[in-house]
1. Taking only region 125-158 into account, find how many residues are farther than 18 Å from residue 83 by Cβ and either open to solvent by less than 30 Å² (accessible area, probe 1.4 Å) or of a type in the set (Gly, Ala, Ser) (or both).
2. Quick one: count up the residues across region 76-98 that are among the aromatic types (Phe, Trp, Tyr) and in contact with a Lys or Arg (Cβ under 6 Å, 6 or more places away or on another chain).
3. Within region 67-86, identify whether any single residue is in a helix (DSSP H, G or I), out of contact with any Ser or Thr (no Cβ under 7 Å at 6 or more places or on another chain) and among the aromatic types (Phe, Trp, Tyr), and answer yes or no.
4. Please verify whether region 33-54 includes one or more residues that are closer than 20 Å to residue 115 by Cα, at pLDDT 90 or above and outside any loop (DSSP other than H, G, I, E, B).
5. Out of region 138-147, which residues are in a helix (DSSP H, G or I) and either modelled with pLDDT of 95 or more or not hydrophobic (A, V, I, L, M, F, W, C) (or both)?
6. Hey, could you check region 55-99 for residues that are more than 18 Å from residue 112 (Cβ to Cβ) and acidic (Asp, Glu) and say which is least open to solvent (accessible area, probe 1.4 Å)?
7. Residue by residue through region 105-124, note down the ones that are surrounded by 17 or more Cβ atoms within 10 Å (Cβ to Cβ) and at pLDDT 90 or above.
8. Please work out which residue is most open to solvent (accessible area, probe 1.4 Å), limiting yourself to region 159-187 and to residues that are at pLDDT 95 or above and among the aliphatic types (A, V, I, L, M).
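The values are calculated or read from the model by the stated rules, or taken from the named source; none is laboratory data. Treat the numbers as computed from the prediction; the structure is a model and nothing was measured. Glycine gets a Cβ as well: all are built from the backbone with ideal geometry, and neighbour counts include every protein chain shown. Only protein heavy atoms, including side chains, enter the accessible area calculation; ligands, DNA and RNA are left aside. Shrake-Rupley method; radii C 1.70, N 1.55, O 1.52, S 1.80 Å.
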Amino acid sequence: MEFEDLMHQDMIREAFLGLENGHLMPWDKDLLSCSPLPESITQPYTTREVSDVRESMRLTYETMTVWIEESKNESYFSKRFIQLSRMIMNGVTTMGRGLITLHARGEEPGNVPMSVQDLIGVASYQFRKSHLGVFQTMRSYPEISGRLMMNQIGWNNMLMRLFKTKEKLSEPINAEESVNAEFGMRN
């Protein structure tokens, strides 16, 4: 191997270490964006039959919190707010599914980054911000108002599902359901 190739490999290795430790330099981001993922990052997801739900939820939470903060600072008059809000909605759905999966396996939801109550809080915020935007744009910007209205309806549906999830999580689960959930079967 040439010296330049060895140096490039070292730079990539250092960038991945920085990524794992939560500290990236600007040049690391560029380097990582065009580098293949090492086996140490993909291996846990390709070798396990049953995924590590908590780890998947943690990774989703890490990225989702960035979008949550962005959406709080974004004007609800913008298309960008709607895009961010929809991405957050997908993240909330994923986190809710993770909680249900843990419950179905008979596992306590300890050490998860967001509880169902946290998810309800995120959904409530997005719902209210969309609702306020609808009223303020109804007559002056009907196109924006329409998008915000569809977003509000999506969050309303999400809130109803989250309250149903909260009820389901409070129910005890029997051993047979737990075994079926482990193997992906439904009654």
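1. Going through region 125-158 one residue at a time, the tally reaches 1.
2. Going through region 76-98 one residue at a time, the tally reaches 1.
3. Within region 67-86, one or more residues are in a helix (DSSP H, G or I), out of contact with any Ser or Thr (no Cβ under 7 Å at 6 or more places or on another chain) and among the aromatic types (Phe, Trp, Tyr).
4. There is no residue in region 33-54 that is closer than 20 Å to residue 115 by Cα, at pLDDT 90 or above and outside any loop (DSSP other than H, G, I, E, B).
5. 142, 143, 145, 146, 147
6. 74
7. Passing the criteria: 112, 114, 116, 119, 120, 122, 123.
8. Among residues in region 159-187 that are at pLDDT 95 or above and among the aliphatic types (A, V, I, L, M), the one most open to solvent (accessible area, probe 1.4 Å) is 160.
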